[in-house]
1. Which number in (1) surrounded by 14 or more Cβ atoms within 10 Å (Cβ to Cβ); (2) at negative phi; (3) modelled with pLDDT of 90 or more marks the one condition that residue 90 misses?
2. Would you mention how many residues in the stretch 465-488 are assigned to a helix (DSSP H, G or I) and exposed (fewer than 15 other Cβ atoms within 10 Å of the Cβ)?
3. If residue 33 passes every condition in (1) in contact (Cβ under 8 Å) with a residue 60 or more places away in the chain; (2) not in a loop (DSSP other than H, G, I, E, B) but one, which one does it miss?
4. When you look at residue 518, is it modelled with pLDDT of 90 or more, under 19 Å from residue 594 (Cα atoms) and not assigned by TED's automatic domain parsing to the domain that holds residue 618, yes or no?
5. Just to be sure before I move on: is residue 515 in contact with a Pro (Cβ under 7 Å, 6 or more places away or on another chain) and buried (at least 17 other Cβ atoms within 10 Å of the Cβ) in the structure I sent?
6. Given the conditions (1) in contact with a helix residue (DSSP H, G or I) (Cβ under 7 Å, 6 or more places away or on another chain); (2) in a helix (DSSP H, G or I); (3) surrounded by 15 or more Cβ atoms within 10 Å (Cβ to Cβ); (4) of a type outside the set (Val, Ile, Thr), which single one is not true for residue 503?
7. I'm trying to understand the selection: among the residues of the stretch 146-176, which are of a type in the set (Ser, Thr, Tyr) and under 47 Å from the mean Cα position of the chain (by Cα)?
8. Which numbered condition trips up residue 460, out of (1) closer than 30 Å to residue 508 by Cα; (2) in the same structural domain as residue 358 (by TED's automatic domain parsing)?
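The values are calculated or read from the model by the stated rules, or taken from the named source; none is laboratory data. None of the values given here were measured: they were computed from a predicted structure. Ideal geometry is used to build each Cβ from the backbone, glycine not excepted, and the neighbour counts take in all protein chains shown.
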Amino acid sequence: MELQQLIYGYNNGHSLLQSSIELPPEDKSLLLELTDWSGVNEFNTPTYITGFPLVKSSFYAFIRTWYAEEMPRPGCAWSHVLLIHKQCFTELTNVEPIMGLFLKPLLQDKSLAAYNKTIILDNNAGDKPFYSLRFEINESIIKRLIFNLYSTNAPVYITPKQDIKSIEQLFLKLWWIQPVNDRFLFSFCSGASSPRKYLNKEIRLQIVAKESFNPNNEGTNTFEPWVNIIYKELISNNINYIKYLNNVSDDIIQKNLKAVSLAQIYELINDGVLNGNSEYFVINLIDCLSKFFPEKTEAKKLKKALLSHNVLVSLKEEEFFLQKILNTGHYSSFDIDDLQLVNRVIEIYHSNRADFFELLNNIIKDNINEFGVSILTKCSQLVNENDVALLTNDYWPLFTVFVRMRPSIITFNENWTFTDSQYLEIINLILSNDNTTHVDLKFILKIILDKQLSLLPKMIEALQKVEPKYISFLLDWYDSKPHCEIDYQWIEVLSNNPDKILDWIESKNIINFQTMVLIVKTVNPNSHNVIRRGTEIWMPFSSFIVNNNFKESLYIHAFLTSLAFKFNDLNAFILLKNSFIIVYNEMANSTLDYKLISMVFEHIKSSYWHEWDKCKKLRNALADKFNEASWDTSSLIEIVKKESLAKEISLLCKKRK
């Protein structure tokens, strides 16, 4: 470590005599003023020490001043200045080796060559106990001094009623046990006849002859706990507190109350180590750090040092800390990246899945903060198919959170076995998610249909919004499942989407019979949607049911008969040819369902509706259709199959023209 030095003395006035460094003019001027004799004769001491920062050059100046009694002119002084750069503060735990470097010049040494060289200090020189403070100063006086220094920014004066050397040592120790930035900006002087100034402000701590402040004054002997903490470290020969400040305080903005906070946290650390109550320690540490340093940018080194993975010695302590930091309402005081919270949680995932899920499950039980949400989101991307069994069996609430964050997780395995209630919960989470881009909704719909789950109306509405092709999926599923049943809610959905059904029909070359029946039960043949599409898409239906004796074929025959009455083309004739007589015979036998009767007669003029003979109404309707379409009545036999019935309707055609 390098130290620079300067020597000041008398040369036709107080002057800089020799130097190992060239300083800015501002710093030179300051040094010239504060290296001159302070008028400390009242103390009967030939020397004193001064300390203050040279802000312009980032050096801290330690000055040992001696009264130059050997000089013929009264009031002369020698001052040896040692400069330590601010960056070197964290390298030393002891200022005593620096104090041992002060050297009073000899009058006969005219060259003063010893003072123009850079001093190289062994980096290990300071790594030993500080001064053994054996000064005879009352404990309450020291504590009152600590209280005044740390609770106010006002200058503190001490009158020389104690041993000056002891007080000088006390000043140095008070300087050194401050946080790095406070230490750099701190100023002190161990001897002056009246208060001295630094940059037009009185030096922070100084011994002065006048009794502005007398630590011997009567006062309380009861102090706040932090005073006792700092006092304990002040009189201790232990260098751990200094190392602690050097390691964690150089990014903390200079402020007395922050120094108090650092002392309180140090005490908390010691208590945690001694008592061994790790959970209590973690909780208090998080609370104290957020209370004393509420801004994320404050005390980043301290937070990182105390809350790192290495500090929490066992996995259980690590998990406890992660749970608390991801639940605390004071999370904004910490930096998620500095503490590597994401990596630490992921490390647990790779080492022990059960511990990982237990941790996250505990986090979501409490008030999870933004850190927790961010980490849960990232963790949801880690979960694979092998994890889901453990999740769904033991950590269902966590699984639902993962589904909300990553809906595609539900498509891992179609062999999962949930209860109906669980399926509905999961499906609702998926359908209410804003992003279903990577979700296999066809698979979701398959689960719904296979399990015959009854969805809430809002869930069906959500399905319609997120998956425009759900009607096609529904019909594909039904068409591939012979002899299966479909819930009434889906029949209602189909009936409300005739155009999508018709689109699906047009896209298919082959449709199973049960699907045909489902379609004609849900689509109105007399609706505008159906009529607009024409007859062509229904011809495969008609071909399929020719000579088909299935009971449910009647639904298709009634549908096609009703549809045919709306058209005059060849397809309409073929539809009637394949279906009319079957519907007619069912009416004649009074075995046709009323809904089908209503569907067939919906196109007929209202005057026919009041006739009780439904077969007559159907014969009249067929006659009117032949007249309207200008079909040859000789082809009636192809539709009605009986000669007598064909003749009767042929006569009706003539009468009803």
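1. The one condition residue 90 does not meet is (3).
2. As a first pass, look at the stretch 465-488 and keep what is assigned to a helix (DSSP H, G or I): 465-466, 470-479, 488.
Of the ones still in play, those that are also exposed (fewer than 15 other Cβ atoms within 10 Å of the Cβ) are 465, 488.
Residues that pass the stated criteria total 2.
3. Every listed condition holds for residue 33 apart from (1).
4. Numbers: modelled with pLDDT of 90 or more: yes; under 19 Å from residue 594 (Cα atoms): yes; not assigned by TED's automatic domain parsing to the domain that holds residue 618: yes.
So residue 518 passes the test.
5. On the way: in contact with a Pro (Cβ under 7 Å, 6 or more places away or on another chain): no; buried (at least 17 other Cβ atoms within 10 Å of the Cβ): yes.
The answer is no for residue 515.
6. Status for residue 503: all satisfied but (1).
7. Taking the stretch 146-176 and keeping what is of a type in the set (Ser, Thr, Tyr), we get 150-152, 157, 159, 166.
Matches in the stretch 146-176: 150, 151, 152.
8. Single failed check for residue 460: (2).
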